[in-house]
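J.: One structure, as structure tokens, below. Some questions next.
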Amino acid sequence: MLGSLRFRLPAFFLLGVVLAGVVATVISIRFFQSYTRARTIHELRSESIGIVSLYASQAGQQEVPIATLRKAIGGDHIFYVPIVPGASLFAGPLPHLPYGTLTKKQLSSSQPTTLNVHYPQKAGTTYLAVAEPVTIGTQVLGALVVATPVSSLRSRWLVLIGRLAIAFGGGVLVVGLLGVYLTRRITRPLLGLSAAADEIAAGHYDVEVPQPPGHDEISQLSARFSDMAAKLSEAEQLSRNFLMSVSHELRTPLTAIRGHVSALREGVIDDPEAYSSSLAVIEEEAMRLERLVGDVLDLAKLNAHRFTVLEEEVDMRDLCERAYAAFGEIARQRSIDYRRDFEVKPVIVTDGDRVLQIISNLLSNAFRWTPEGGRIALALGAENGTVSVVVSDSGPGISPEERERIFRPFWSRDGGGTGLGLAIARELAVALGGRIDLRSEPGLGARFELLLPDR
């Protein structure tokens, strides 16, 4: 439980908020203390100037009553610091601070004089005070000190701390609830993905992947996971189709070979012409098996990037003539309008056998899907440093949804064949530094174009 994401996410989130709140609280208290002290000094300064002005206005007429001074300063305390001993300035008792508490130099400063006062008659009480000189003419007789207990400042700080503590506690509670909510919102789809991953690991590719609302990272992850599951399911289906197709493709020639070998061994065939015909069938079926195994090996090497490409000068026109001639008899038997257009004669450096394999695979695909009496064309061109070989047919065409699938290994539109021809053709084209482009519309045939660099 403690090591799970559902616990650690809100815990770290809450810890970060608490640390940020503590730092912000300490900084706020320090600022408030500085502000309160500065504000109090300003108020004491104003009061001290006011009572000294009051004294100066009445000093020549009568002694200034202490009650008048106390009324002028509100609830603060007032003290007198003598500079000239024996001077009686006020009517009534006024607390005196010890002689020498202030100096004339301090009082003559342009800045307000602040001091911490420890009044002996009130032991343990410390005051924040501001002193203002009392003068008659040019002579400084003493100073009036307006003070307020430091404890009153602390009480303000304690009130602030209490309020901050209440606000901080409420904030932590709200943040904790929000953290729990967000954590559940995040972990719920992750737990769903984990369960789906377990199902996929067990081979159940049709599992329903949770799709959380929104367009955040979790929803994108779920979408990608769903795509992955769909592709794995498709790959599993393709593998099954491939095994079934390969089994069929292997069984058919093996059955033919076994039948003819048995007939030859048992002496059923004694006619020389039939004997030669059986050997020809065995050779043809063996070559068919060899091509199938070669296709599988080629695809495995291409996928593993262990495919070796030879480099030699290749006359593309002669190579296309060979590929064209290999399908001439099939075209005649099926009454297909089989055309060629080789107006150029480019020579490039490439692997001639692999280029011939690509063109043969494209032609084989065209003949498979073109109906009897249809049209197939093979064209060769060269332009802007690129050699192109185009195979076009009048077959049923390819829908946009199938244009990418037909190049996947083991995929077949009708479930027949191994589904390796076009896949190998495209991988070989890429290995040779080129590509295969496809243009097709349903019902209008297909056009495959092999593009190779002219180097």
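J.: Among the numbered conditions (1) over 27 Å from residue 300 (Cα atoms); (2) at pLDDT below 90; (3) of a type in the set (S, T, N, Q); (4) open to solvent by less than 30 Å² (accessible area, probe 1.4 Å), tell me where residue 418 comes up short.
T.: With respect to (1) over 27 Å from residue 300 (Cα atoms); (2) at pLDDT below 90; (3) of a type in the set (S, T, N, Q); (4) open to solvent by less than 30 Å² (accessible area, probe 1.4 Å), residue 418 is out only on (1).
J.: I need the full set of residues from region 212-227 which are farther than 29 Å from residue 240 by Cα and open to solvent by 60 Å² or more (accessible area, probe 1.4 Å), in order please. Talk me through it step by step, then tell me what you get.
T.: First pass over region 212-227, keeping only residues farther than 29 Å from residue 240 by Cα: 212-220.
Those that are farther than 29 Å from residue 240 by Cα and open to solvent by 60 Å² or more (accessible area, probe 1.4 Å): 213, 215, 216, 217, 220.
J.: For region 136-151, give me each residue that is modelled with pLDDT under 75, under 28 Å from residue 37 (Cβ atoms) and hydroxyl-bearing (Ser, Thr, Tyr).
T.: Residue satisfying the conditions is 151 alone.
Matching residues to (1) at pLDDT below 90; (2) in a strand (DSSP E or B):
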{"position": "354", "(1), (2)": "yes, no"}
{"position": "359", "(1), (2)": "no, no"}
{"position": "363", "(1), (2)": "no, no"}
{"position": "371", "(1), (2)": "no, no"}
{"position": "380", "(1), (2)": "no, yes"}
{"position": "388", "(1), (2)": "no, yes"}
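J.: In region 176-202, how many residues are modelled with pLDDT of 75 or more and either more than 25 Å from residue 15 (Cβ to Cβ) or among the β-branched types (Val, Ile, Thr) (or both)?
T.: Qualifying residue count for the region: 11.
J.: If you don't mind, there's one more thing I want to ask. Name every residue in region 390-432 that is in a strand (DSSP E or B) and more than 20 Å from residue 316 (Cα to Cα), in order of residue number. Reasoning before the result, please.
T.: Kept after step one, since they are in a strand (DSSP E or B), are these residues of region 390-432: 390-393.
The answer is 393, and nothing else.
J.: Can residue 169 be described as at pLDDT 75 or above and more than 21 Å from residue 16 (Cβ to Cβ)?
T.: On the way: at pLDDT 75 or above: yes; more than 21 Å from residue 16 (Cβ to Cβ): no.
Against the criterion (at pLDDT 75 or above and more than 21 Å from residue 16 (Cβ to Cβ)), residue 169 does not qualify.
J.: Output the number of the condition that residue 424 fails; it satisfies all remaining conditions of (1) open to solvent by 20 Å² or more (accessible area, probe 1.4 Å); (2) hydrophobic (A, V, I, L, M, F, W, C); (3) at pLDDT below 85.
T.: Here residue 424 clears every test but (1).
J.: Can you say whether residue 296 is assigned to a loop (DSSP other than H, G, I, E, B) and in contact with a Leu (Cβ under 8 Å, 6 or more places away or on another chain), as far as the supplied structure shows? Working first, answer last.
T.: Working: assigned to a loop (DSSP other than H, G, I, E, B): no; in contact with a Leu (Cβ under 8 Å, 6 or more places away or on another chain): yes.
No; evaluated as a whole, the condition is false for this residue.
J.: I'd like to know if region 266-273 contains one or more residues that are aliphatic (A, V, I, L, M), without any contact (Cβ under 8 Å) to a residue 60 or more places away in the chain and part of a helix (DSSP H, G or I).
T.: In the first step, residues of region 266-273 are kept if they are aliphatic (A, V, I, L, M); the result is 268-269.
Now restrict to residues that are without any contact (Cβ under 8 Å) to a residue 60 or more places away in the chain: 268-269.
Now restrict to residues that are part of a helix (DSSP H, G or I): none.
Scanning region 266-273 turns up no residue that is aliphatic (A, V, I, L, M), without any contact (Cβ under 8 Å) to a residue 60 or more places away in the chain and part of a helix (DSSP H, G or I).
J.: Could you list all residues from region 249-278 that are farther than 26 Å from residue 296 by Cα and open to solvent by 90 Å² or more (accessible area, probe 1.4 Å)?
T.: 265, 266, 268, 270, 272, 273, 275
J.: Turning to a different aspect of this structure: Any idea which of 393, 341, 337 is surrounded by 18 or more Cβ atoms within 10 Å (Cβ to Cβ), among the acidic types (Asp, Glu), more than 25 Å from residue 293 (Cβ to Cβ) and at pLDDT 90 or above? Break it down into steps so the answer makes sense when it comes.
T.: Working: 341 fails: surrounded by 18 or more Cβ atoms within 10 Å (Cβ to Cβ); 337 fails: surrounded by 18 or more Cβ atoms within 10 Å (Cβ to Cβ).
Answer to the check: 393.
The values are calculated or read from the model by the stated rules, or taken from the named source; none is laboratory data. Keep in mind that this is a model prediction, so the values were computed, not measured. Quick reminder, even Gly has a Cβ in these numbers, built from the backbone with ideal geometry, and neighbours come from all protein chains shown. Accessible surface areas use protein heavy atoms only, side chains included; no ligands, DNA or RNA. Shrake-Rupley method; radii C 1.70, N 1.55, O 1.52, S 1.80 Å.
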